[in-house]
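The values are calculated or read from the model by the stated rules, or taken from the named source; none is laboratory data. This is a predicted model, so every value here is computed, not measured. Backbone-built Cβ (ideal geometry, glycine too); neighbour counts: all protein chains shown.
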Amino acid sequence: MFSQSRAKPKKKELEPLKSVIIQPTANHSASVIFLHAPEIPVSLLKSVDQIKKIVQSEINSGISAEKIMVVGHSQGASVALAVGLTSDYRLAGIIGL
């Protein structure tokens, strides 16, 4: 009989939620945070915390909360909605696609 050692498969580390921030310009009056979830699922609450930090950094840089929109597609839509429901600020909008 041959003894085979079976190595446990390595767990993939969770990728952070990816986001694109569209800064306000002369033609646009709102900062838009568009969410795109990685291929590997991440925790909803962890993602919400990441986006809240991005929103806070936008506010700290001088952008009014009323000019920040959070937009998400698919899993990102769930995160966007959760951010909107739990935010300490009144944001310009939450969009889920």
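Annotations
- Screening Ile59 on (1) at pLDDT 90 or above; (2) outside any helix (DSSP H, G or I) shows it passes everything except condition (2).
- Restricting attention to the stretch 58-74, the residues that are touching a Ser or Thr at 6+ places or on another chain (Cβ under 8 Å) and within 17 Å of Lys46 (Cβ to Cβ) total 1.
- Taken together, Ala65, Ala82, Ala37 contain a single residue that is at pLDDT 90 or above, buried (at least 18 other Cβ atoms within 10 Å of the Cβ) and among the small types (Gly, Ala, Ser), which is Ala82.
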